[in-house]
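Shown next, in structure tokens, is the structure this report addresses.
The values are calculated or read from the model by the stated rules, or taken from the named source; none is laboratory data. In this text, all values refer to a predicted model and were calculated from it rather than measured experimentally. In this analysis, Cβ positions are derived from the backbone assuming ideal geometry, glycine residues included, and neighbour counts consider all displayed protein chains.
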Amino acid sequence: MKAMLEGLEYAPEDNAAATTAATAETVGYAFSSDHLRALERDGYVVVDDLISQDVARAAAASARAMYDRGVMQNLRQEGRDDDVAVLATSSLPAGDEFAGLRPCVEALLRVPDDLRRVVARVDDDALGADVVSKVRACRAPDRLMLARYGSESCRYVPHLDNDPSDDANDAGSPGLRPSDRVFTLIAYLNPDWDATRGGRFRAYRPGVAADAASPSDFVDIDPILGRVVVFDAAKLLHEVRPSFHDRYAVTVWTRGAELLPA
Ligand SMILES: O=C(O)CCC(=O)C(=O)O
Ligand SMILES: [Fe+2]
């Protein structure tokens, strides 16, 4: 197992700027000011062209291999049924069967720099102060989470990823606490997903309580291959609806700049 988890020597903080610069010529930037306006207005934005289908497919195969190897575990947290593996971005699992994760993770780790580029290009007045300050503050983290929801109606009840009213919000080491989360980035890794499989990501409108919500109070998003959802970790109430098929995703929580090592 140790050999399997050996590092790939990928340093996200250094690498983010370099890889963004290197790929900008060929792939362009995934985010525009419209994405940031949606993020501000709705608390979330869906981006379908950040990760190519090939990259997502390779990541999906590696995620499945991780599960098959028994690396993912249920956290026994009330309200969530997923099995997860928390991985250091600097030491993604080595070996061919896991290599597919890396390009997908790299794409997610570039997002903070990409968002800052958008903010730098756009007039501040055109964007809200809250989203601008969060984009300026957010940084690529040094951990990511791989999650699998099984087919037995596995779900995650409505919650905030950064919830000050939760006793556990400040638990953990600096940089890894829920309270450190700024934006949540989730890449879905599910080829051939269709509505009969359930497992939708439900995003509630701002200010709505989940137990009093009517259908016009939320949007359901299919976890299709290569789709990325970006949302405000402290603002967007969300859930995973019961899933009737294996459902994989990789999650990155961008964190505040003040938490970066000097
Ligand atoms: O996989 C998803 O769609 C969301 C999962 C989630 O909300 C979480 O892990 O906090
Ligand atoms: Fe969540």
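Among helices (runs of 4 or more DSSP H) lying entirely in region 82-182, which contain 1 or more residues that are in contact with a Gly (Cβ under 7 Å, 6 or more places away or on another chain)?
129-137
Conditions (1) in contact (Cβ under 8 Å) with a residue 60 or more places away in the chain; (2) over 21 Å from Ile221 (Cα atoms), marked per residue:
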residue	(1), (2)
Glu97	no, yes
Arg102	yes, yes
Arg121	yes, yes
Leu127	yes, yes
Cys138	yes, yes
Asp142	yes, yes
Asn169	no, yes
Gly175	yes, yes
Ala187	yes, no
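Out of curiosity, is Thr254 more than 13 Å from ligand 2 (Cβ to nearest atom), among the polar types (S, T, N, Q) and crowded, with 23+ Cβ neighbours inside 10 Å?
The answer is yes for Thr254.
Report yes if Asp217 is under 23 Å from Ser165 (Cβ atoms), of a type in the set (Asp, Glu) and without any contact (Cβ under 8 Å) to a residue 40 or more places away in the chain, otherwise no.
So Asp217 fits the description; yes.
Could you please find all residues in region 209-237 being of a type in the set (Asp, Glu) and within 19 Å of His35 (Cα to Cα)?
Across region 209-237, the qualifying residues are Asp220, Asp222, Asp232.
How many residues does region 205-239 hold that are part of a strand (DSSP E or B) and farther than 25 Å from Glu152 by Cβ?
5
Where residues in region 193-204 are within 19 Å of the chain's Cα centre (by Cα) and in a strand (DSSP E or B), which of them is surrounded by the most Cβ atoms within 10 Å (Cβ to Cβ)?
Checked region 193-204; the qualifying residue surrounded by the most Cβ atoms within 10 Å (Cβ to Cβ) is Phe201.
Looking only at region 249-259, decide whether some residue is farther than 28 Å from Tyr67 by Cα, within 16 Å of ligand 1 (Cβ to nearest atom) and of a type in the set (Val, Ile, Thr).
No: region 249-259 contains no residue that is farther than 28 Å from Tyr67 by Cα, within 16 Å of ligand 1 (Cβ to nearest atom) and of a type in the set (Val, Ile, Thr).
Out of Arg80, Arg57, Arg69, report the one residue that is surrounded by 14 or more Cβ atoms within 10 Å (Cβ to Cβ) and within 16 Å of ligand 2 (Cβ to nearest atom).
Arg80 is the lone residue from the list that is surrounded by 14 or more Cβ atoms within 10 Å (Cβ to Cβ) and within 16 Å of ligand 2 (Cβ to nearest atom).
For region 214-228, state whether one or more residues are farther than 26 Å from Glu40 by Cβ, surrounded by fewer than 16 Cβ atoms within 10 Å (Cβ to Cβ), out of contact with any strand residue (DSSP E or B) (no Cβ under 9 Å at 6 or more places or on another chain) and not small (Gly, Ala, Ser).
Looking through region 214-228, none of the residues is farther than 26 Å from Glu40 by Cβ, surrounded by fewer than 16 Cβ atoms within 10 Å (Cβ to Cβ), out of contact with any strand residue (DSSP E or B) (no Cβ under 9 Å at 6 or more places or on another chain) and not small (Gly, Ala, Ser).
Can you tell me how many residues in region 65-81 are assigned to a helix (DSSP H, G or I), over 10 Å from Leu146 (Cβ atoms) and not aliphatic (A, V, I, L, M)?
1
State the number of residues belonging to region 137-173 that are away from ligand 2 (no atom under 13 Å from the Cβ) and surrounded by fewer than 14 Cβ atoms within 10 Å (Cβ to Cβ).
Of the residues in that region, 10 qualify.
Quickly run through region 120-143 and pick out the residues that are out of contact with any Pro (no Cβ under 8 Å at 6 or more places or on another chain) and β-branched (Val, Ile, Thr).
Result: Val122, Val131, Val132.
With Asp125, Asp49 as the choices, which residue is more than 14 Å from the chain's Cα centre (by Cα), closer than 29 Å to Arg241 by Cβ, surrounded by fewer than 14 Cβ atoms within 10 Å (Cβ to Cβ) and at pLDDT below 95?
It is Asp49.
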